[in-house]
Amino acid sequence: MQKTEIAVIGAGPAGLAAAIEAARAGAQVTLIDENERPGGQLFKQIHKFFGSKEHRAGTRGVEIGVDLLEEAKRVGVITRLNTVVYGLYHDKCLGLACGDHSEDLQTQAIILATGASENVLAFPGWTLPGVMGAGAAQTLINIHRVLPGRRILMVGAGNVGLIVTYQLLQAGAEVVAIIEGLPVIGGYGVHASKVRRAGVPILTSHTIVSAEGGESVERAVIAQVDNRWQVLCGTEQTLEVDTVCLAVGLSPLAELAWMAGCRFSHVPTLGGWVPLHDQDMQTSVPGIYIAGDVAGIEEASTAMEEGRLAGLAAAGTLCHLSPEVGEIKKSEVRDRLAALRWGGFGEGRAVAKRQIIEARCEA
Amino acid sequence: MTEPVYDVIIIGAGSVGTPAAMFLAEAGFKTLVIDQFASVGQGANKAAIGGIRATHSDPAKIRLCLKSIEVFSTWQQQYGDNLEWIAGGYCFVAYRPREEKILKNLLAVQKEYQLNIEWLNREALLEAVPALNPEGLIGGTFSPDDGSASPMRSALAFYRRAREKGAVFQFGEKVTGILTVRGRVQGVHTNQGTYSCGSVINAAGPWAREVAETVGLDVLVVPDSHEGGVSEPVAPFLRPMLVDIRQTSDSANYYFYQHATGQIIFCITPAPPMVGTDRRETSAFLPQVSRRMVNLVPRLCNLRVRRTWRGLYPMTPDGFPIVGLAPEVEGYVHAVGMCGQGYMLGPGVGDLLVRLIQGNLTANDDEVLRGLRPDRPFRGQEKLK
Ligand SMILES: Cc1cc2nc3c(=O)[nH]c(=O)nc-3n(C[C@H](O)[C@H](O)[C@H](O)COP(=O)(O)OP(=O)(O)OC[C@H]3O[C@@H](n4cnc5c(N)ncnc54)[C@H](O)[C@@H]3O)c2cc1C
Ligand SMILES: Cc1cc2nc3c(=O)[nH]c(=O)nc-3n(C[C@H](O)[C@H](O)[C@H](O)COP(=O)(O)OP(=O)(O)OC[C@H]3O[C@@H](n4cnc5c(N)ncnc54)[C@H](O)[C@@H]3O)c2cc1C
């Protein structure tokens with residue numbers, strides 16, 4: 001059976017940062033991702049990131065991704081691509097599916113950095129070809145260079161809905177409207193102004209009623225909702241569109257943590273069911289760590305810091321760092337995380353994260 | 001002395017206890033079922049993959065399962081609930097003379113009991129099951145009246161019917177002792193109270209030995225664990241349950257079928273057995289079972305697995321259940337040790353328990369119970385586990 005000291009599952013910003021940190025400390029690290037390229041969501045983010053200078057705001061996600069990949073190679077991380085982790089067993093053995101065969105990988109510590117999956121909405125017609133996640137549309141245009149459709153309805157005006165709308169326009173599609181069920185726009189003002197300037201209307205207090213068409217989407221019916229999310233009769237309108245993109249939130253992709261028997265808590269601010277973790281990102285199962293969106297939906301910048309924390313902690317428990325040095329390094333990362341979770345948008349997450357850590361310590 | 005509150009208390013709302021409660025309540029017995037878990041069928045029952053056959057090799061299991069098949073196959077017509085029963089048949093395959101010989105020997109016994117089962121040669125078998133790997137195939141048995149259904153749906157349907165007929169269920173309550181006076185059952189102690197009754201049925205599945213110990217009986221039921229799995233649903237292409245009894249270095253038989261809702265559901269018998277109550281999945285199971293399944297039905301290589309689990313078989317030393325009155329304690333009934341077949345045996349055993357408690361056994365019942373006696377020597381070995 002193959003062996004590694006630390007397996008990191010998911011090569012997005014969280015997993016890459018975790019793998020680099022653990023390998024730097026001297027651990028033998030295997031980084032596993034199901035895609036043919038590492039980087040997770042980063043390579044889809046062709047826009048300039050928000051946040052502080054220290055966290056490379058103003059840099060595009062793609063560039064951050066390239067830097068992380070080079071660093072990972074330099075410090076000796078073994079990367080296994082096109083490989084799905086299908087199981088996490090109690091003896092810390094992983095089941096891997098690669099192409100047409102499967103393998104076992106025996107590990108001593110595991111860092112889960114599997115990211116998130118997009119939420120969907122169910123409405124009449126939601127299974128028609130042409131209805132897709134906004135993230136899927138973003139992958140099509142920015143990775144595969146294919147337009148998902150010509151005339152698009154975006155559902156959801158959070159950051160993902162706004163950014164993907166703008167990128168769809170850049171790619172040459174027409175976005176007919178963005179609709180948002182809440183009375184206010186959820187995403188940042190800069191992103192909203194950008195799409196408005198490009199002529200896309202943002203209709204708040206609106207929902208999608210149905211998607212219609214024969215073989216694929218040909219029309220969508222939208223309507224206004226009251227403050228209890230009930231459709232107001234008579235406000236229905238039909239839009240001629242061939243694509244409906246859903247940007248209605250993300251949920252932590254935590255099946256492997258469920259399988260490992262980790263304890264969870266339901267935290268709406270962080271995207272739903274989240275595995276409990278302590279200050280070191282260790283779950284309730286010793287030796288299993290989490291980082292990034294799987295530990296609560298946030299941003300690439302927090303994902304990388306959580307990854308570093310998990311990488312340091314996992315390497316520390318395997319004696320690659322002295323407790324003193326480990327603690328100093330981890331507290332530096334914790335300070336940066338606190339700084340990232342400061343301010344209007346960060347505060348709620350900071351509180352939620354504190355609750356997760358407290359619940360884990362009581363568990 | 002005051003009258004007991006219940007005629008019968010059943011310990012365990014599983015594959016056996018639930019249909020037993022239904023038949024007893026139908027027959028007019030005041031019946032209470034106690035289970036430690038939160039709802040019906042949460043023990044071994046929910047781990048079963050749903051196979052149901054009467055084509056065994058001994059009169060007891062054959063008779064009991066014929067009754068079960070009658071219940072499963074007519075349920076929807078009679079009561080409306082869809083148990084997802086399909087009479088897809090069972091097919092035991094032979095790729096080596098060794099298995100051919102075992103199966104043909106059993107066939108002779110099975111024929112004696114008028115079971116609808118035939119030997120199909122290679123061509124006939126490939127016609128019945130075109131998805132089979134033809135390479136090296138000799139032939140196999142095919143029994144078209146056997147089939148499959150959903151263990152969870154069945155448990156729920158039996159539970160509803162039992163309640164309709166007046167049976168009472170207490171969930172989340174653990175039996176801690178059996179009350180006896182001068183060698184006669186008087187009631188049952190739980191972690192929450194005491195209930196009085198005339199008879200008690202131990203239907204505690206993998207935990208039966210612990211329960212029996214509380215009245216000083218040693219019943220030879222030892223849990224061992226088996227893993228199962230389910231794929232994504234696909235269009236129907238596989239009719240019968242396929243069973244391959246070849247032994248390899250790390251596994252014995254494995255079996256799988258396509259459920260009414262399209263999923264392939266499968267499990268394997270590990271070698272050596274995994275004794276104990278550990279139910280955490282192993283990393284060995286999926287590669288082991290899928291390799292063998294793909295070898296048998298090559299097109300399965302395109303199928304994705306959704307989920308795996310590990311459940312318990314309540315095993316006995318000879319592979320046969322233990323059913324009958326305990327000679328040592330009056331009013332105490334064993335209905336335990338169902339091994340890998342408790343789901344298919346459940347309704348048949350439940351129906352028989354009514355006549356056992358009424359003292360109204362037929363000649364056939366006597367023959368069935370003779371093979372399952374609690375005080376038998378446990379020397380033989382079941383041939384088709
Ligand atoms: C449209 C959009 C715009 C964004 N803009 C910004 C921004 O401006 N600034 C910012 O900071 N953040 C932004 N984000 C958020 C940021 O992209 C995410 O928070 C970040 O990528 C999360 O990183 P991660 O490593 O946790 O997960 P991911 O980047 O999602 O990586 C997880 C990886 O794990 C792989 N994986 C999952 N399960 C398995 C398995 N079982 N086996 C093998 N591999 C597996 C996945 O395929 C994926 O490659 C944006 C997100 C979106 C969708
Ligand atoms: C992977 C797998 C596949 C299988 N496939 C099949 C198949 O295809 N066909 C088939 O027929 N069988 C199959 N089986 C076997 C089948 O699951 C068992 O034989 C059957 O469920 C046993 O039934 P039971 O009623 O004896 O036990 P259970 O269903 O476990 O019921 C016993 C009940 O007693 C309760 N209990 C125990 N002790 C106490 C106590 N002290 N107080 C209160 N309650 C108590 C338990 O909570 C439990 O609910 C399979 C098993 C496995 C693991």
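Laid out as a table, the results:
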| read-out | value |
| --- | --- |
| Condition check for A:ALA22: more than 14 Å from chain B (Cβ to nearest Cβ), part of a helix (DSSP H, G or I) and crowded, with 21+ Cβ neighbours inside 10 Å | yes |
| Single match in A:VAL120, A:VAL29 (criterion: away from ligand 1 (no atom under 13 Å from the Cβ), buried (at least 19 other Cβ atoms within 10 Å of the Cβ) and of a type in the set (A, V, I, L, M, F, W, C)) | A:VAL29 |
| Failed criterion for B:ALA48 (all others in (1) on the phi > 0 side of the Ramachandran plot; (2) surrounded by 24 or more Cβ atoms within 10 Å (Cβ to Cβ); (3) of a type outside the set (D, E, K, R) hold) | (1) |
| 3 or more residues within 14 Å of chain B (Cβ to nearest Cβ), in contact with a strand residue (DSSP E or B) (Cβ under 8 Å, 6 or more places away or on another chain) and farther than 30 Å from B:THR282 by Cα: qualifying strands (runs of 3 or more DSSP E) within region A:93-169 | none |
| Residue identified as closer than 18 Å to A:GLY10 by Cα, within 18 Å of the chain's Cα centre (by Cα) and of a type outside the set (Val, Ile, Thr) among A:GLY272, A:GLY311, A:GLY292, A:GLY287 | A:GLY292 |
| Residue among A:ILE202, A:ILE179 that is more than 14 Å from chain B (Cβ to nearest Cβ) and touching a helix residue (DSSP H, G or I) at 6+ places or on another chain (Cβ under 7 Å) | A:ILE202 |
| Failed criterion for A:MET1 (all others in (1) in contact (Cβ under 8 Å) with a residue 12 or more places away in the chain; (2) away from every other protein chain (no Cβ under 14 Å); (3) surrounded by fewer than 17 Cβ atoms within 10 Å (Cβ to Cβ) hold) | (2) |
| Leading residue by the ranking (farthest from B:LEU372 (Cα to Cα)) among those in region B:45-63 that are aliphatic (A, V, I, L, M) and in a loop (DSSP other than H, G, I, E, B) | B:ILE49 |
| Among residues of region B:265-294, those that are within 14 Å of chain A (Cβ to nearest Cβ) and closer than 29 Å to B:LEU137 by Cβ, counted | 11 |
| Selected residue (only one of A:ALA295, A:ALA315 is within 25 Å of A:CYS93 (Cβ to Cβ), touching a strand residue (DSSP E or B) at 6+ places or on another chain (Cβ under 9 Å) and within 16 Å of ligand 1 (Cβ to nearest atom)) | A:ALA295 |
| Scan of region B:23-44 for residues that are outside any strand (DSSP E or B), out of contact with any Ser or Thr (no Cβ under 9 Å at 6 or more places or on another chain) and closer than 23 Å to B:GLY359 by Cβ, ordered by number | B:PHE23, B:GLU26, B:ALA27, B:GLY28, B:LYS30 |
| Region A:256-287, subset touching a residue at least 40 places away in the same chain (Cβ under 8 Å) and within 14 Å of chain B (Cβ to nearest Cβ), residue farthest from A:ASP91 (Cα to Cα) | A:LEU256 |
| Residue match in region B:210-218 (condition: assigned to a strand (DSSP E or B), closer than 20 Å to B:LEU312 by Cα and among the aliphatic types (A, V, I, L, M)) | no |
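Readers should treat all values here as calculations from the given coordinates under stated rules, not as data from a laboratory. For clarity, every value in this text was computed on a predicted model and none was experimentally measured. All Cβ positions, glycine included, derive from the backbone under ideal geometry; neighbour counts span all protein chains shown.
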